[in-house]
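Reading through the structure tokens given below for one structure.
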Amino acid sequence: MAIRNKTRDNLWTLITTPTIWAVHFVLSYGSVAYGCAPNENIFQGIGGYRIFVGGLTVVALGAIGFLFFRALGEWRRNGGRIPHEEDSVEVRERFLEFSTVLLAGLSFIAVLYTALPAAMMVDCR
Amino acid sequence: MLVGAVLIWVAVIGLSVFATKIRPGAYGEKAGLRLIIWGGCVFPVVVLTALLVWGLQMMPVLRAEANGPTIAVSAERFWWRVAYDVEGESGVARSLPEGGVPSANEIWLPVGQRSEFLIGSPDVIHSLWIPSIAGKMDAIPGRVNRLVVEPTKPGVYNGVCAEFCGDAHAQMALRVVVVSPEEYDAYVARQSEPASVGAEDEGFRRFMENGCDACHTVRGTAANGRVGPDLTHLASRRTIAAGTLPMSPENLATFVGFTHRVKPGVQMPGYGMLAEDEIAAIAGWLETLQ
């Protein structure tokens, strides 16, 4: 059964936002660790890396936000209602959209928490 | 923090009492959803964000730059090798710096200064913990950890090994003496002096005859072993056997004669086979090492 003019959700679209969170986490911590290694001067500033993490955070939040509203919009427009208990392609689609919304919300907060240290720390300490 | 935790605890228990005892029964879907969104999502996010911001603000303070002495502390089964005024290398170090003024099992610190400990271990993982002064810091073989402490009140504090390290782990303690910067300088200057030992001293003769010098150093004499604690100013410390017994001739004799009864598992063999007066002579001489 075709799903009208919408994205067809699957497990890959479901895990996109947590994947963005994971990539943001690795790049944020990895880049600053690279900049501070071998940690000879713990008072060395990390200004450039903070800007990098800041930019990365804006991109990650933007992408997560886009996916959040995309999934939420489709869920609402197509009469999404919890609980999703019926055995049909339509309901499975709504279930995936709703799950995507929840995971996007979680990923959004997680990305903010990952970026907070870079916002508040100014050196390699 | 405690007040906040108690308030949250009271709210959660209160809600569960309300839902099970005061107003039991079914609740509407909307009420349930509202509780999940506000109580399960919004509230934890706000609280955790506040705690995270608060915690992050404190982190750099924990690694503030030291402006006092650098002291190397090597945690060894089951005692603390101490060296004052060492030159620490910057960055990641694999081993503690050599040199400095050696001592053991008692650390003096100047009050109001940020002193830096360089902490290592040659054998297993230990952890230096002086609860009244700072949090724990692990002593890990093959790695030097740093801990900056800033004692604010003079006094004598207890420290322990906080990571199980073997038989005598519980007897691996130390004293930390916080004094004025002038007293600290005078103390380190005294510790750097050799011992004043008369070679004809009976106790010293017994000490050398029985091979104690293979493991212990007494600066100013031929004793230059590196296995056990430096004994040059042993009697100036408050305790023996790493905080296990108060310093006294009787306790020194007990430790020399019945080492493993006092501290099971230490490398030093007991010298119970020596005659009592011989042990007493060694203990009496050790007591003079001020």
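Right, B:Leu109: assigned to a loop (DSSP other than H, G, I, E, B), buried (at least 20 other Cβ atoms within 10 Å of the Cβ) and in contact (Cβ under 8 Å) with a residue 24 or more places away in the chain or not?
Working: assigned to a loop (DSSP other than H, G, I, E, B): no; buried (at least 20 other Cβ atoms within 10 Å of the Cβ): yes; in contact (Cβ under 8 Å) with a residue 24 or more places away in the chain: yes.
No, not satisfied.
Could you list, in sequence order, all residues of the range B:186-203 that are of a type in the set (Gly, Ala, Ser) and in contact with a strand residue (DSSP E or B) (Cβ under 7 Å, 6 or more places away or on another chain)?
B:Ser192
Which of (1) touching a Leu at 6+ places or on another chain (Cβ under 6 Å); (2) over 17 Å from B:Pro97 (Cβ atoms) is the odd one out, the single condition B:Lys153 does not satisfy?
Status for B:Lys153: all satisfied but (1).
How many residues are over 12 Å from the mean Cα position of the chain (by Cα) and of a type in the set (A, V, I, L, M) when one looks only at the range B:98-148?
Residues meeting the conditions: 8.
Of all residues in the range A:33-76, count the ones that are outside any helix (DSSP H, G or I) and surrounded by fewer than 12 Cβ atoms within 10 Å (Cβ to Cβ).
Taking the range A:33-76 as the starting set, the residues that turn out to be outside any helix (DSSP H, G or I) are A:37-46.
Adding the requirement that they be surrounded by fewer than 12 Cβ atoms within 10 Å (Cβ to Cβ) leaves A:37-38.
Counting residues in the range A:33-76 that are outside any helix (DSSP H, G or I) and surrounded by fewer than 12 Cβ atoms within 10 Å (Cβ to Cβ) gives 2.
So how many residues does the range A:86-114 have that are within 22 Å of the chain's Cα centre (by Cα), farther than 23 Å from B:Ala50 by Cβ and of a type outside the set (Asp, Glu)? So that I can check it myself, show each step before the final result.
Filtering the range A:86-114 for residues within 22 Å of the chain's Cα centre (by Cα) gives A:93-114.
With the extra rule that they be farther than 23 Å from B:Ala50 by Cβ, the set shrinks to A:93-104.
Filter once more, so that each one left must be of a type outside the set (Asp, Glu): A:94-96, A:98-104.
Here the count works out to 10.
In the list A:Val111, A:Val91, which residue meets the criterion of being within 14 Å of chain B (Cβ to nearest Cβ) and not in a loop (DSSP other than H, G, I, E, B)?
A:Val111
Within the range B:17-71, restricting attention to residues that are basic (Lys, Arg) and surrounded by 12 or more Cβ atoms within 10 Å (Cβ to Cβ), which residue is farthest from the other protein chains (Cβ to nearest Cβ)?
So the first thing to find is which residues in the range B:17-71 are basic (Lys, Arg), and the list is B:21, B:23, B:30, B:34, B:63.
Pick out the ones that are also surrounded by 12 or more Cβ atoms within 10 Å (Cβ to Cβ) and you get B:34, B:63.
Details: B:Arg34: 14, B:Arg63: 4 Å.
If we take residues in the range B:17-71 being basic (Lys, Arg) and surrounded by 12 or more Cβ atoms within 10 Å (Cβ to Cβ), then B:Arg34 is farthest from the other protein chains (Cβ to nearest Cβ).
Please list, ordered by residue number, the helices (runs of 4 or more DSSP H) wholly in the range B:173-274 having 2 or more residues that are outside the structural domain of B:Ser74 (by TED's automatic domain parsing) and surrounded by 18 or more Cβ atoms within 10 Å (Cβ to Cβ).
Working: elements: B:181-192, B:202-209, B:249-257, B:259-262.
Correct list: B:202-209, B:249-257, B:259-262.
Which residue pairs have Cβ atoms closer than 8 Å, lie 6 or more positions apart in sequence or on different chains, and pair a first residue in the range A:36-56 that is at the interface with chain B (Cβ under 10 Å from one of its Cβ atoms) with a second residue that is in a helix (DSSP H, G or I)?
A:Ile42/A:Cys36
For the range B:81-99, check the following and say yes or no: at least one residue is touching a residue at least 24 places away in the same chain (Cβ under 8 Å), over 15 Å from B:Val149 (Cβ atoms), touching a helix residue (DSSP H, G or I) at 6+ places or on another chain (Cβ under 7 Å) and surrounded by fewer than 21 Cβ atoms within 10 Å (Cβ to Cβ).
Initially, the range B:81-99 is screened for residues touching a residue at least 24 places away in the same chain (Cβ under 8 Å), giving B:81-82, B:84-86, B:88, B:92-97.
Subset that is over 15 Å from B:Val149 (Cβ atoms): B:81, B:85-86, B:92-97.
Subset that is touching a helix residue (DSSP H, G or I) at 6+ places or on another chain (Cβ under 7 Å): B:85.
This time we only want the ones that are surrounded by fewer than 21 Cβ atoms within 10 Å (Cβ to Cβ), so: B:85.
Yes, some residue in the range B:81-99 is touching a residue at least 24 places away in the same chain (Cβ under 8 Å), over 15 Å from B:Val149 (Cβ atoms), touching a helix residue (DSSP H, G or I) at 6+ places or on another chain (Cβ under 7 Å) and surrounded by fewer than 21 Cβ atoms within 10 Å (Cβ to Cβ).
Looking at A:Pro83, A:Pro117 in this structure, which one is free of Cβ contacts under 8 Å to residues at least 40 places away in the same chain, in a loop (DSSP other than H, G, I, E, B), within 11 Å of chain B (Cβ to nearest Cβ) and over 11 Å from the mean Cα position of the chain (by Cα)?
A:Pro83
The values are calculated or read from the model by the stated rules, or taken from the named source; none is laboratory data. Remember, it's a predicted structure, so these values are computed and weren't measured experimentally. Methodologically, a virtual Cβ is constructed for each residue, glycine included, from the backbone with ideal geometry; neighbour enumeration extends over all protein chains shown.
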